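A quick write-up on the structure given underneath.
A short reminder: the numbers here are calculations on the coordinates, not readings from a lab. These numbers come from a predicted model, not from an experiment. Cβ: placed from backbone, ideal geometry, glycine included. Neighbour counts: every protein chain shown.
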Amino acid sequence: MAKSKGRNEKGGKGRGKKEPKVRKQVKKKVCSFCATNVQDIDYKDLTTIKRFINEKNKILALRTSGACAGHQRLVAIAVKRAREMALLPYCTSR
Ligand SMILES: [Zn+2]
């Protein structure tokens, strides 16, 4: 059983003092579509869609946007449809 290589003994690699981890209480985001009971997202509704893209017109990640997985999927589809219909740009010039 004594096969450990001394790495986990005495607190890892021994660089400085180990600070105790303090977890911040993160308030859980509520999906805005679930809160308003939205079933489908229209690609023509640009005011809604534009909340889910950044300044480079990329679709925001799920952890950033705060939408649930199902609604995030619908948002992504709506953004891609809006791009196809030339309502939104694919990308901005660098
Ligand atoms: Zn949702």
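Some observations on this one:
- Counting every other Cβ atom within 10 Å of each residue's Cβ, V75, V26, V38 order from fewest to most as V26, V38, V75.
- Modelled spin labels at K27 and D42, positioned 7 Å past Cα toward Cβ, are 3.1 nm from each other.
- Where a label projected 7 Å from the Cα of T64 along Cα→Cβ would reach, residues of segment 32-52 with amide N under 14 Å: 50-52
- By definition, a body whose alpha carbon gyration tensor gives a ≥ b ≥ c is oblate when a/c is 1.5 or more and a/b is not larger than b/c, and segment 32-84 fits this oblate description.
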